[in-house]
Amino acid sequence: MNPNTQFWTLFDELIATSTLIIDRPKGSRHPRYPEMLYPLDYCYLEGTSAADSDGIDVWRGSDPAQRFDALVCTVDMVKRDTEVKLLIGCTADEKQTVLDFHNEGGKIGAVLVERG
C-alpha cells in the first residue's frame, strides 16, 4: 500500500473505532482563556492519546457527510509542543476558520494538510 494511502486509511480506522466526544461545543469559550471562542465543535476521540496525553483533537464541521479529509498540524511556543487536530465534516470555509483560529496571536502556528 502507498504510504500516503496507508496514513489516511489508518486515521479512518482510528476514527471508525472511536467515540467522538464534544468537549467544547461551537460558540463556547475556553475554560482558561475566556476570550477564546470556539468557531466549530471541538472534540476528541475517546480512548486515544495525543502528544499532550489527552485524546486526539478533532474539529467537527457542518458538512452532513462528516468525511475526514484534512488535518491541522500546530506548533505552540507557549506550551512548547506540537499537535495534530483532525478535521471531520469541515467545509472549505470551516477549514480556513480553523486555520485562522490556530494562527492568531503569533505564538501558535498551524498548517492545513488535505487528503490528496
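The values are calculated or read from the model by the stated rules, or taken from the named source; none is laboratory data. Worth saying up front: this structure is predicted, and the values here are computed from it rather than measured. In this analysis, Cβ positions are derived from the backbone assuming ideal geometry, glycine residues included, and neighbour counts consider all displayed protein chains. The protein model used for the area step is the full one, side chains on, heavy atoms only, and it has no ligands, DNA or RNA in it. Shrake-Rupley method; radii C 1.70, N 1.55, O 1.52, S 1.80 Å.
Per the listing Asp12, Asp41, the residue uniquely within 28 Å of Gly116 (Cβ to Cβ), surrounded by 14 or more Cβ atoms within 10 Å (Cβ to Cβ) and among the acidic types (Asp, Glu) is Asp41.
The residues in segment 74-99 that are surrounded by fewer than 14 Cβ atoms within 10 Å (Cβ to Cβ), modelled with pLDDT of 95 or more and not in a loop (DSSP other than H, G, I, E, B) can be counted, and the count is 3. Number of residues in segment 1-26 that are in contact (Cβ under 8 Å) with a residue 12 or more places away in the chain and either out of contact with any strand residue (DSSP E or B) (no Cβ under 6 Å at 6 or more places or on another chain) or part of a helix (DSSP H, G or I) (or both) equals 7.
In summary, Gln66 fulfils each of the numbered conditions (1) over 19 Å from Gln96 (Cβ atoms); (2) polar (S, T, N, Q); (3) within 15 Å of the chain's Cα centre (by Cα) with the single exception of condition (1). The listed residues are Ile21, Ile56, and the only one of them that is open to solvent by less than 30 Å² (accessible area, probe 1.4 Å), aliphatic (A, V, I, L, M), at pLDDT 95 or above and within 19 Å of Glu83 (Cβ to Cβ) turns out to be Ile56.
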